[in-house]
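Worksheet for the structure shown next.
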Amino acid sequence: MDIDCQLLMRLLEADGPVPLSKLSSDERREPAHVQAAIEQLRAAGCVIDVHPQHGVTLRQTGLSVWSDLLTHRWPGRVVEVYRQTASTQDVVRRIIAARGRAAQGAIAIADEQTGGRGRLGRRWHAPAGTALLFSMASLVPRDADPNQSTHRINHLTLITAVGAARGIESACRHAVRVAIKWPNDLLLNGRKLAGILVESHAAMIDRQPYHAAITGIGMNVGLREEQIPSELHDVRDHVASLAMAGVHVDRLRVLVHVLAALEEALHEPDDRLLDEWRQRCVTRGEIVTLRNDGRTIRGEVIDLDPHEGLILRTESGTIVHLPAATTSTV
């Protein structure tokens, strides 16, 4: 079914009901044509209210329109949307293997994951329809530097944390303030709102060696506290969602804003990203205990190197760099 992506985006970005007459004038179409486009969106699963006085309100997007809107917004990108899949990280890995260079920027999205994972093999749990779950591909030619993969993961972790924080705030019309807890958490009111996972593997594309990085984000959007499983009662007080903070926003709107912010951050100078990371980081200047390659390291968080990772001053006074891929909080 062909949907009207321009109208969908107009409704998605609207701050409240939009009069049908305004939609008609903005789109330069007859009201009957706009009404027909609304019915197509409804047939595709969107929940839309039409009030004769107040106007048109998009209550919820149907999952089947997500791919159409994203490819309309970013032509040429591979976009795959699933009701359920084991892991969007694995889907993007498959897309890279099948599409080669055409997989640059490819996005895989799931309404629900049965085998979603966080960093270091941890599980990510999110009931269907409550979270924004997606992964994206980034391909760069591989050079002789043996540390290139580690540097790439550290750099993408920085870009993703800052970009995603900006995108969430923008989607919520700046009703929230998102903080960063290195290496991979985004916090809202001191609780975990989202997790970031960056994985990298070697790939041969057109007979040339590449580093294929896959960036995954799991974000609680509509999750309610009573939906957190009883077996996870120990993390209940540490979990946040936009809905739990009183912000009700469509997941597709959040996704569009986050993708736009990530694209912007990818082209920003490192010093600007670092300045913002410092402002958002909740652990900078604090004493933390971290695990890296089987070692427990305690020290003060000094700063972040965009390529080498976290800069920590240990209790003995030694300055160490800790890569995002192999470091976790205790």
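The values are calculated or read from the model by the stated rules, or taken from the named source; none is laboratory data. Since the model is a prediction, treat every value here as computed from it, not as a measurement. Positions of Cβ are generated from backbone atoms using ideal geometry, with glycine treated the same way; all protein chains shown enter the neighbour counts. Remember, those area values only see protein heavy atoms, side chains included, never the ligands or the DNA or RNA. Shrake-Rupley method; radii C 1.70, N 1.55, O 1.52, S 1.80 Å.
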(request) May I ask you to verify whether residue 76 is open to solvent by 10 Å² or more (accessible area, probe 1.4 Å), in a loop (DSSP other than H, G, I, E, B) and out of contact with any helix residue (DSSP H, G or I) (no Cβ under 9 Å at 6 or more places or on another chain)? (result) no
(request) Keeping to the stretch 163-203, report how many residues are closer than 25 Å to residue 213 by Cα and among the hydroxyl-bearing types (Ser, Thr, Tyr). (result) 1
(message) Between a residue in the stretch 131-149 that is touching a residue at least 40 places away in the same chain (Cβ under 8 Å) and any residue that is in a loop (DSSP other than H, G, I, E, B) and of a type in the set (Gly, Ala, Ser), which pairs come within a Cβ distance under 6 Å, given they are 6 or more apart or on different chains?
(response) 137/106
(request) Would you check if there is a residue in the stretch 318-325 being surrounded by fewer than 18 Cβ atoms within 10 Å (Cβ to Cβ), out of contact with any helix residue (DSSP H, G or I) (no Cβ under 8 Å at 6 or more places or on another chain) and farther than 17 Å from residue 150 by Cα? (result) yes
(message) Consider the stretch 11-25. How many of its residues are charged (D, E, K, R) and either buried (at least 18 other Cβ atoms within 10 Å of the Cβ) or at pLDDT below 95 (or both)?
(response) 2
(message) Quick check on the stretch 293-303. Is at least one of its residues within 24 Å of residue 218 (Cα to Cα) and out of contact with any Lys or Arg (no Cβ under 8 Å at 6 or more places or on another chain)?
(response) no
(request) Please enumerate the residues belonging to the stretch 179-188 that are in contact (Cβ under 8 Å) with a residue 12 or more places away in the chain and either in contact with a Gly (Cβ under 9 Å, 6 or more places away or on another chain) or crowded, with 21+ Cβ neighbours inside 10 Å (or both). (result) 179, 180, 182, 183, 184, 186, 188
